[in-house]
Amino acid sequence: MRQVAARLSAMGSVSGLDGWLFGQAASASTMSTSTLLVVLGLGGLYALIGVINSVVIAGAERRSEFAAARAAGLTRRQVVLIALMESWAVAASGLLLGLLAAAGTLTAALAVTSGVTGVAMVAVPWPLAGGVLAGVLLATGVTNVLTTRAALRPALVSPLRTRE
């Protein structure tokens, strides 16, 4: 084996299976990351519109609930913080379900690479995943705070007088 490697090294660079796999993963990672960015960008934009729409509708329908909380003695800031924590809990649940779906995809990718190359290997773009996580929580939080503050603008008793 070493003799073959020595003869081949006279013609060019020689690497073992591990080195070759890491080189292939690095070159494939650039292409797959670019493709992932495009797909994630389009899907993320659609999901962002859906999240913002859902948060605005949910916040706008809770005016009487927010007014009741204010009448019970909570400050505006406390009501906004409670609504923010609720929306982040819902967003975190959605992110967790998304991670479970992604884990299934990664498990399949590991099985395929293991079957083809004999070594299970997958490259996860952690900075991109962290950016998505931060972006979802930021968009949800900003939208929720703005919607809750807008719902708290009317006089305290006017939302309490309305019936649903």
Gly98 versus (1) exposed (fewer than 14 other Cβ atoms within 10 Å of the Cβ); (2) among the small types (Gly, Ala, Ser); (3) under 23 Å from the mean Cα position of the chain (by Cα); (4) under 24 Å from Val122 (Cα atoms): which is the lone unmet condition? (1)
Leading residue by the ranking (modelled with the highest pLDDT) among those in the stretch 130-140 that are surrounded by 15 or more Cβ atoms within 10 Å (Cβ to Cβ) and farther than 15 Å from Ile49 by Cβ: Leu137
Check the stretch 38-53 and report whether any residue there is modelled with pLDDT under 75, closer than 30 Å to Thr113 by Cα, of a type in the set (Gly, Ala, Ser) and under 21 Å from the mean Cα position of the chain (by Cα). no
Tally the residues that are surrounded by 11 or more Cβ atoms within 10 Å (Cβ to Cβ) and either in contact with a Lys or Arg (Cβ under 7 Å, 6 or more places away or on another chain) or at pLDDT below 75 (or both), restricting the search to the stretch 141-164. 7
Given (1) outside any helix (DSSP H, G or I); (2) under 30 Å from Trp20 (Cβ atoms), number of the condition Arg153 does not satisfy: (2)
If we scan the stretch 81-95, do we find a residue that is more than 30 Å from Leu17 (Cβ to Cβ), in contact (Cβ under 8 Å) with a residue 12 or more places away in the chain and aromatic (Phe, Trp, Tyr)? yes
Residue within the stretch 60-68 that is at pLDDT 85 or above, in contact with an Asp or Glu (Cβ under 7 Å, 6 or more places away or on another chain) and assigned to a helix (DSSP H, G or I) present: yes
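The values are calculated or read from the model by the stated rules, or taken from the named source; none is laboratory data. Since this is a predicted model, take the numbers as computed values, not measurements. FYI the Cβ positions are ideal-geometry reconstructions off the backbone, even for glycines, and counts take in every protein chain you see.
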